[in-house]
Each structure stands twice: as structure tokens, then as C-alpha cells.
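The values are calculated or read from the model by the stated rules, or taken from the named source; none is laboratory data. Quick caveat: nothing in here was measured; it's all calculated off a predicted structure. Cβ sites come from the backbone with ideal geometry, for glycine too, and all protein chains shown count toward neighbours.
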Amino acid sequence: MQKMIDIPRQVLVEEELMQPGMTSCQGCAAPISMKIALKALGERTVVVLPACCFAVFVGGYPYSSLKVPIIHCPFETAAVVASGAAAALDVRGEKDVVVMAWAGDGGTFDIGMQALSGAAERNENILFVCYDNEAYMNTGIQRSSATPMGAWTTTTPAGSIKEESKKDIEQIMLAHHISYMATASAAYPDDMFRKFRKARQITGMKFIHLLSACPPGWRIDPANSIQVMRMATQSNVFPIYEVNKLRFSKDNQRFEEDWEYTINVFPERKVSVKGYLKSQGRFGLITDEMIDYTQKKVDRKWNELVQKQDNTNQVIQRQAGIC
Amino acid sequence: MAAKKRSEMAIKHKFKSYRDITPMHVSLGNMLHNKTGGWRFIKPIYEDKIPACQNACPAGNDIEGWVKLLNNKEYEKAYWHLKREEPFPAILGRVCFKFCEDACNRTVLDDCIQIKELERFVGDQFAPATPHPELPDNNGQSDKIRSLAVVGSGPSGMSVAYFARLLGFRVTIFDKEALLGGILRLGIPNYRLPRQVVASEFEGLSLMGVELRPNTEIGKDIPLETLTQTFDYVFLATGAHRSVQMELTANLSCCQIMSAMNILKQVARGETVALGKRVAVIGGGNTAIDAARTAIRMGCHVTVIYRRSLTEMPAHPEEVREAQEEGVIFRFLAAPEDITLNADTTIENLVCCEMELGPTDESGRCRPIRKEGVTFDVPVDTILVAIGENPDFDYLGRRVRSSDTIIRTGDDLSILSDHTDGEKVFAGGDMIDIPHTVVHAVASGKKAAIAMDCDRRGVAFSDVLNQIRIGSGDALSFSRYMNWAPVNPVLQNDQKVVDSTKIVYDYFIKMPGCEKTIQPADLRKDSFEPYHATLSVEEALHETERCMHCGRCTECDNCLIFCPDVSILDQTRETFGYAIDYDYCKGCGICLTECPRHAITMVAEG
């Protein structure tokens, strides 16, 4: 029996908000993610695009492959332009329009960081999506702070592959006390669809971290991009979970805040971290020590996640007076 | 005028008036002019392939097809679809060696689909009470009708009669026995294959217009020459019934050394059989196991003596296990060396020699080697010999050489002989050089029927063969020969086999099969009645739910969801499957790698 991808058929067959003709590379996962995101958000959406692969292949002005409005903006300003658009829509009273900033890892982890941090702190009513292909792919595969340890890029070439770990953007965003944080992957489209639908309902800053395979930059066969992304989750390198902000009052006096962690995908078929890394050409030069280190780090992060989810359950039960 | 146009445009784009239109430069241009299809060097096409189960079936049974129909609860359609390739589901659902289940791709995940049980379910649900819906109407073209005489009513004879009838032949089956069915009726005991099941399949054949002539022995009641003169085609299917003699017993005159096959036949005919208290069965094939379990049911203490080990045994492992449960003792790696007789020609003792396995021989199994001097005694009253059966060629005259142990046939199963005199004589089943299983016999019948039809139409069989061969083996598809529509109306590729390496197991959920309801050994060992129930409707539907539909599109929408270029177009279920927009498909191949069942093929452009 097949595990069906649980997206309502009604939604699948209705008019697509993304049109073909984009110049994305063969096998790029970003259009798949955008397609699912727009299916979930609907046509009352504004997309803010800083400099990134997507801004290039969606079609430069005056062309666009999306049937929703796009604002092209400078690299570092995605979050702040989105904040402005959201404020303007608020003034016009168009409460049902969601503003989605759609930035790559450069526009999130590095160059877009200050604007993002500011918007997150102000808890602006925007949805910030980072489609993370783990390097500056658009300009020809340069290292970013999202590039994982051991990866080859043109600025970490053979002989000096990247030795630093990937920046933990999820914890950074949670440190801003935003309303909703989730990770998702196009390899699990129904989970992604549900998260975008959910984010649309939440007021305040929403952050969704998407893994997005890049066949030329990851040195993989275009046909395998979804498969490799699935392996990232199966090996726990990219765990799929979501974090809600819980607000509850004790005796109607004191407010407490807590994080509600939910792990959405518990991989049934486990893949080793080594198996995931070795499936990509960019890790062809990785050393065994780096693999061991990554495996340990991944295991630790996973255990912490499971621990946090257990804590959440305990907190919820305590609040409900169960224990 | 311009203002009017602008306000029309404003309303079209959901603004209240043109003043609401943003003063920024807004473009509505799209990228559809950029036909990215030009990037492509390989393109995807939807193409149904041969699942591993169908590839493993010697008869080329379209298992996935009828399992899908069954899953849709279209029981009657499933029955007739199954009968397209494999005419006797109630019989093969009980006695088949189930090559399909060994090949099932689901074994990687949990356990194979119980295809044999499902086939039995389909066969039992619908006894053939109505004539075949695809039976040709012969009225008005009688000059083109050819006649076929089938000698022997075993599985290959039944099969050739069925398929030839569907091809419009006038068919008569001759059998020397009063009970029709050959090995199915006389060789296989009632507890494995009840006699009513065989009888009802013959009712089905007569409903199709096949003439049945039991009690007619060719070569005795009617000479073979009469058949070859009166009928356009003759099909020989008299099987292998002459037991091979042991050298050891050749010179012994002892009524307690018997042929296992003869015992099975006597029991099937209802004759009284006198077996001693302690029975030894020599051999490791299905006849040996059937004889051993028959003897157990007659209250004997049974030992099976086989010269190789369990893994080399030709009998089906499941049969061996059930025989062991019923109390049959197996002595592996042992061969009879000497038999001592009492003065009254009863058996005093059977002396066996221990064996060990040597290097592999031409059959691919380890050759047993005698351990000199290591012997043991088996006290027995009766010895049943089941070391093989050979065909009986007496009635064939000079068509066979005296040295032949099988009939030599050409590719089209017509017999190769120095003295055919233009007769159109074909042969199948255990008489020719194929494995001795029921399903191989059925497959040979199908092949011969198609070969005769080709001969009738004046078409070269070798040309047709390449068009109707399915999978990587020798199986032929009758549906392809008849141009019957497949279950999925999409392109069919009969050469590509979908094995477990091509299945994306991430998309399948573990789901154990239903437990078989088998009577416990101490209850079943006293009775010749069947001990194993047909699946219930719920169990059958549970099993069909487990089928992964390898190589066949099920409209699961995976390709639709994952296409990065929005180039898989849904047809909202008006017609089957999806369309591909080749103007924009870049040929990335994600649809293929994410297809759970490999129903897409990438083909080179240009």
C-alpha cells in the first residue's frame, strides 16, 4: 500500500499560481517548494524576492512566472521590504493578504540577517521563507554560512574545503521569540503544504526553513534532487519539525512563554549521515573525521529535539492538570 | 476613452477603480514565451512495464492487472482478466509452485503478496457458469474453422483446448481414463486439489464448446493415424506416467515394492490399496511427498528417503514442511543400498547408505556421493518408489526414436521427427523438455495454441513470438496476440521488467499479510478432505491492498506534485493518467525517480 502524499486533490487540480517557462536549472527543488507554498497560501499573496536564484529564474522585470505580485528588492532588504508591504496592506485594510519574503540562504543567513533580525524582533506580520541550497548558487557556488562542513564550493576548493559548521538559523530565529518557526522539505510536500496553510493563519513573524537541493552546486544528478533531500531527513541531517509559541497564563496574573516542539517526520527508513554525504559530489573530499563529527553533531541535535518535544508534552500536560 | 479602458482593466484586476492601481510600474508579463522544452535531451513518457511477478510466471499471468480489478471490487472483471493468460485459477490457486511470490518485490519491505491464495479466491468466487465472454462466434465461417484433437486431459491438454477454442478451433479432448484431468485428478491427492474443482473446470470447457471423450485410449481404441487424418491438428499431452524403476529392485519380485504414482492413482480412483504398517518413500519430488502424505492418511508410519538435502529437494518447501508437521519422517542424504526379502517375499529390511554432497552437477545441484561403508537399516513393510516419471511413447510408433526419453519439439512445439509425413502434431506438458509443473504445462498449451493459429493463418510463428513475448523469460501473452486492451489504457512495454531496484520503497507502508487458516496437523492427517480455506473477501481485499502495482501507473499524483516545471498536466480523471507538456518539460527526470513504481520511462530525444 502506498503512502499517499496528503494534499487535497481539489487543491492539486485547481489553477496553478506558478507558470512554466522559468529558467531554473533542471532538477532545482526551489520551484517545487514555491509551487506547494503557493498552493497552500492561495492567490492573496505578495512575494518579496531579494537577490537569489529565484529572483533570476522567475523572470526579470517585466516578466514573472508567478500569478501573484512580486516585489524585487535589494539583497539585504527582504524582511524590511516585506514588513513595509505588510504595513501598507494593513493600512489599506487588506487583512487577508499574506506577505511572503522568499530568500535564499545568502539573503537569510548572511546578507539578509540584520533586516531579518530586526523584523523578527518587532514581530512583524510576515512570513519569511528561507529556501536553503547551502551556498551562493546563483553566482556560481560560493560558500555561505549555510554551507555545511566538508562541502566543496568554488571559494572552499579542493585542499581547503569548508571546516566550519553550518549556522544554526533555527535557534537564532527562536531566540527572537517569533510566533512560528518550522523546517520543511519538498521531499515531504504534504507536511510543507500543511505548514504554509498554518503559517497563513498565524499573526506575527513566521519563519520557515526549507532545504532545497541544487543539482549543479551539490554535484548530484538532477533526477535525484528530491531523493537526496529525503535522505537528508532520513539521516536526521535536516530534521523536519515545527515550533509554536505557547502563551499561557497562570492564575490570570503572570504570563509564561514556552516553545511547543513537534517533530513531524520520524524517518522510518534510516540512512546514515555518511550515506547522505556520499550521495553528493560536493562532499567528495570530506575526511572521515568530519563525517564522524557530523554524525555526532546530528545525533546530538536529534536527541535534543526529541528531548524538547518530550518537555513540551510535559508542560502541556502540566497545564492541563493531567500531572 | 483611455480612462474607460483603464477602469475596465482595474475592475478586471480586482481594484475598485483605476485610482487604486498602484503608481509603481507593475508588469503582467509571463515567461511562457521561454519554451524550456528545448533544453531537454531525455524525455519522460508514461509506459506500463512488466512487474517482477508476471515476469516470473511461466504462463505470463497479468497478476497486477487482475489484482487491481479485485481491489476495485470488480470481481467478475478480475476473473475474466485472470483467465486471459491463465485459464484455471481454481486449480493453479491450489497447486502452483508460485514462482510469482518468490519474485514479488514486496519481500524487500515485509512479505510477498499471497498471489496463489488470491488466485484461488478469484477462481472459487466464480465457477465458470457462463461461457467465456470473449469466445468467438463461429457461425457463417465454417470453412475457416480448423479442428484440433487433444490427446490427454491434463493441464497442458486443458490449456491448449481452452486457448484453441478462444481462437476459434473446434476442439475434442481424448483421455484413456474415465476421470478427466490427468495428473490433476489422478496424481494430486484430493486434500491438495479437490476433485470437484477439476470437474468444474471441465464443465467450463464444455460450456465453451469443447468436446470431451473420456475412456478413449489413443493407440488402442483409436489409432493415432485416424486422428491425424480426421483432425487438422493433433496435440499430444499424455504427460509422464511411467515410473522410473530403481536398479536395485529390477530383479526383485516383491509385491510390496510399488510405484508411488500408481498408488496415488489407485487412491484417486477409489480402489483399495494394501500398504504395510511401515512405509518408506524413496525420492524427493512432489510425487514422493504426495505419496508420503497419502500413506500418512492411511494410517502408516512413513519415512521419506532422499539422497540430497532439503535445499536441493525438487518438492515445494511448503509441502515438505506440512508433511513434516503431519508426522512424515525425512531421512536426507540417504540412498537405498540393499533390500533383503523374507522367504514369503515380504520385505525384511531396507539398508540405506549415508551420502554427502559433492560438487555441483549439470542440474545446478550438489551431486550426492556415497559414504562407503556407512549404512543404516530402515525396518519397512512397503517401499514406494518415486524417483521420477517418464512419458509413455508406445502409441506414437515411429514418430519417436527408441532412445528418446522426451519428445523433441521445435520452437512452436510441433514435434521434430523423421516420420511426420506432413502431419501437424504438437506436444506439450511433461512430454517435452520443460520443468514438470502444472503452470509450465499450461504455458506450453498456450504456446501450442498460438502456434497452431499462426500455422492456420499462414504467419511465421517466430515473427509473432517476438511481439507477444513478455518479460525477460519465455512467457507469452495471449492478450497481446488477441490485441485485448490492458487494464491501464497507456503505452505498454513488454520487455522492461520492474525488479526491486526500481521501486521507491520510501513510499510504501509496512503492512503484514493475512495469516493462513490451516487446520492443525493432527486433525488434517486423518482425512483426504482439503485442510486449507479459501481467503475470505476481507482477507482477499487486504492482500490486494498490499500490492505495490510495480511498473503500472495508479494515478498516485506523485509526478504531478513533484514536477518543477508544472509540465505534468492533470486530466481531472476524464481519461486515464496524465499528459506531459513537452513545451516546458526540461527532462530533469524527477518524475521518474519519485514514481514509486517505475511507471515512467526516460527516452532519448531525437
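General remarks:
- Residues of the range A:2-18 satisfying the condition of being without any contact (Cβ under 8 Å) to a residue 24 or more places away in the chain and either buried (at least 24 other Cβ atoms within 10 Å of the Cβ) or touching a Phe, Trp or Tyr at 6+ places or on another chain (Cβ under 6 Å) (or both): A:GLN2, A:LYS3
- Across the range B:564-600, the qualifying residues are those that are free of Cβ contacts under 8 Å to residues at least 24 places away in the same chain and touching a helix residue (DSSP H, G or I) at 6+ places or on another chain (Cβ under 6 Å), and the one among them that is nearest to B:ASN493 (Cα to Cα) is B:ILE568.
- Annotation note: of B:LYS43, B:LYS77, the sole residue that is at pLDDT below 95, touching a helix residue (DSSP H, G or I) at 6+ places or on another chain (Cβ under 9 Å), assigned to a helix (DSSP H, G or I) and basic (Lys, Arg) is B:LYS77.
- Any hit, the range A:185-198, residues being away from chain B (no Cβ under 14 Å), outside any helix (DSSP H, G or I) and surrounded by fewer than 17 Cβ atoms within 10 Å (Cβ to Cβ): no
- Residue within the range A:10-21 that is closer than 20 Å to B:ASP583 by Cα, modelled with pLDDT of 90 or more and of a type in the set (Gly, Ala, Ser) present: yes
- Scan of the range A:38-69 for residues that are facing chain B (nearest Cβ under 10 Å), part of a helix (DSSP H, G or I) and either surrounded by 22 or more Cβ atoms within 10 Å (Cβ to Cβ) or among the acidic types (Asp, Glu) (or both), ordered by number: A:LYS39
- Applying a threshold of 8 Å to beta carbon distances and a minimum spacing of six or more residues, or different chains, the list of pairs starting in the range B:241-261 at a residue that is assigned to a strand (DSSP E or B) and ending at one that is among the acidic types (Asp, Glu) reads B:HIS241/B:GLU389; B:HIS241/B:ASP392; B:ARG242/B:GLU389; B:ARG242/B:ASP392; B:SER243/B:GLU389.
- Once the range B:27-42 is narrowed to residues that are among the hydrophobic types (A, V, I, L, M, F, W, C) and within 14 Å of A:GLY59 (Cβ to Cβ), the residue that is farthest from the other protein chains (Cβ to nearest Cβ) is B:LEU28.
- Top-ranked residue in the range A:19-36 [being at the interface with chain B (Cβ under 7 Å from one of its Cβ atoms) and either more than 19 Å from the chain's Cα centre (by Cα) or among the charged types (D, E, K, R) (or both); ranked as surrounded by the most Cβ atoms within 10 Å (Cβ to Cβ)]: A:MET22
- Filter result for B:ILE296 (touching a residue at least 12 places away in the same chain (Cβ under 8 Å), crowded, with 19+ Cβ neighbours inside 10 Å and either in contact with a Pro (Cβ under 9 Å, 6 or more places away or on another chain) or over 19 Å from B:ASN190 (Cβ atoms) (or both)): no
- Of the residues making up the range A:70-93, those that are part of a loop (DSSP other than H, G, I, E, B) and at negative phi are A:CYS73, A:PRO74, A:ARG92.
- Residues satisfying the stated conditions in the range B:492-529, i.e. among the aliphatic types (A, V, I, L, M) and either under 30 Å from B:LEU264 (Cβ atoms) or away from chain A (no Cβ under 14 Å) (or both): B:VAL497, B:VAL498, B:ILE518, B:ALA521, B:LEU523
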